[in-house]
1. Being modelled with pLDDT under 95 and in contact with a strand residue (DSSP E or B) (Cβ under 9 Å, 6 or more places away or on another chain) is true for just one of 154, 180. Which residue is that?
2. Tally the residues that are on the phi < 0 side of the Ramachandran plot, more than 16 Å from ligand 1 (Cβ to nearest atom) and part of a loop (DSSP other than H, G, I, E, B), restricting the search to segment 149-166.
3. Out of (1) at pLDDT 95 or above; (2) within 22 Å of residue 19 (Cα to Cα), the odd one out for residue 232 is which?
4. Cβ-Cβ distance below 7 Å, separation of 6 or more or different chains: which pairs start in segment 244-272 with a residue that is touching a residue at least 24 places away in the same chain (Cβ under 8 Å) and closer than 30 Å to residue 5 by Cβ and end on one that is within 16 Å of ligand 2 (Cβ to nearest atom) and part of a strand (DSSP E or B)?
5. Please work out if residue 263 is modelled with pLDDT of 95 or more and either away from ligand 1 (no atom under 16 Å from the Cβ) or crowded, with 16+ Cβ neighbours inside 10 Å (or both).
6. Test residue 254 against the stated conditions and say whether it is touching a helix residue (DSSP H, G or I) at 6+ places or on another chain (Cβ under 8 Å) and surrounded by 14 or more Cβ atoms within 10 Å (Cβ to Cβ).
7. With respect to residue 72, is the statement that it is in a helix (DSSP H, G or I) and modelled with pLDDT of 95 or more true?
Ligand SMILES: NC(=O)C1=CN([C@@H]2O[C@H](COP(=O)(O)OP(=O)(O)OC[C@H]3O[C@@H](n4cnc5c(N)ncnc54)[C@H](OP(=O)(O)O)[C@@H]3O)[C@@H](O)[C@H]2O)C=CC1
Ligand SMILES: O=C([O-])CC(=O)C(=O)O
């Protein structure tokens with residue numbers, strides 16, 4: 001298909017560990033896409049590096065991004081998901097969502113996208129294997145499980161730890177701090193376990209996907225192992241993510257978003 005020359009306009013909400021890398025990649029150039037706007041809590045903090053971009057995006061409040069973009073990439077705290085995604089999908093536009101856990105409290109956004117011809121895209125993010133999980137889900141998946149091990153800094157402050165008075169600072173041995181469903185994990189660890197919800201949405205849902213979380217002072221990487229048993233295949237895979245400047249977020253997450261954006265207009269797409 002010939003390139004029409006018309007660029008799809010992209011806005012990025014959040015300029016932290018994920019958003020800043022996505023903005024820089026868009027500015028370097030992704031075929032068919034143009035960065036038009038960004039949003040952050042404190043834009044002054046980002047003025048210097050934004051000024052070095054080849055093309056200056058507008059700096060807007062999150063609610064205004066979908067006015068001028070075809071795709072809004074959400075890389076912000078999970079409590080903002082609704083205010084970023086709703087304006088996009090109700091205009092028939094696309095929202096790329098990183099704070100996947102928050103979709104469980106805002107499931108109606110999926111209906112809103114369906115009614116208005118919009119789309120919500122969840123990149124593989126910090127996880128591995130969602131291509132195989134979505135394929136297996138077309139048959140029968142008997143079970144899906146994720147075991148996450150994170151260094152202490154990747155878990156500190158999670159509401160589940162605070163509510164249950166679980167102390168992890170200073171532990172010297174791995175400690176299993178949670179066992180439950182992906183839905184429960186999303187509630188207790190909203191900034192740490194998006195991967196569990198992504199796995200569940202690709203597979204057998206948040207109430208049947210089992211999650212185990214370990215605070216592990218012996219690891220330096222955010223490590224996720226998934227185990228899936230289906231009528232088409234059985235597989236297990238592990239990813240060991242090097243933390244970014246945000247210890248909760250693996251470096252590969254921004255790269256996954258960039259790869260996802262590149263696929264949108266690429267002449268060759270690899271993978272499901
Ligand atoms: N799906 C997945 O696999 C993964 C998902 N995530 C999730 O992705 C999200 C982003 O992660 P990460 O980049 O590490 O987070 P960071 O904390 O590094 O960055 C968050 C950004 O959100 C911005 N922000 C905060 N409030 C507002 C607001 N009111 N309006 C606009 N912007 C705002 C901040 O602005 P400022 O810089 O000005 O303070 C900051 O730039 C998180 O919810 C995280 O849990 C993370 C890893 C993997
Ligand atoms: O799932 C998340 O929110 C983040 C994560 O574990 C990682 O980046 O490795």
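The values are calculated or read from the model by the stated rules, or taken from the named source; none is laboratory data. Everything numeric here is computed off the predicted structure, so don't read it as measured data. Here Cβ is always computed from backbone atoms with ideal geometry, including for glycine, and neighbour counts include all displayed protein chains.
1. Exactly one residue qualifies, and that residue is 154.
2. The number of residues fulfilling the criteria is 2.
3. All conditions pass for residue 232, except number (2).
4. Short answer, once both residue conditions are applied: 257/73; 257/96; 260/96.
5. yes
6. Yes.
7. Answer is no for this residue.
Here is a yes/no grid of residues against (1) closer than 22 Å to residue 187 by Cβ; (2) within 16 Å of ligand 2 (Cβ to nearest atom); (3) without any contact (Cβ under 8 Å) to a residue 24 or more places away in the chain; (4) buried (at least 18 other Cβ atoms within 10 Å of the Cβ):
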{"residue": "5", "(1), (2), (3), (4)": "no, no, yes, no"}
{"residue": "21", "(1), (2), (3), (4)": "no, yes, no, yes"}
{"residue": "48", "(1), (2), (3), (4)": "no, no, yes, no"}
{"residue": "51", "(1), (2), (3), (4)": "no, no, yes, no"}
{"residue": "66", "(1), (2), (3), (4)": "no, no, no, yes"}
{"residue": "73", "(1), (2), (3), (4)": "no, yes, no, yes"}
{"residue": "100", "(1), (2), (3), (4)": "yes, yes, no, yes"}
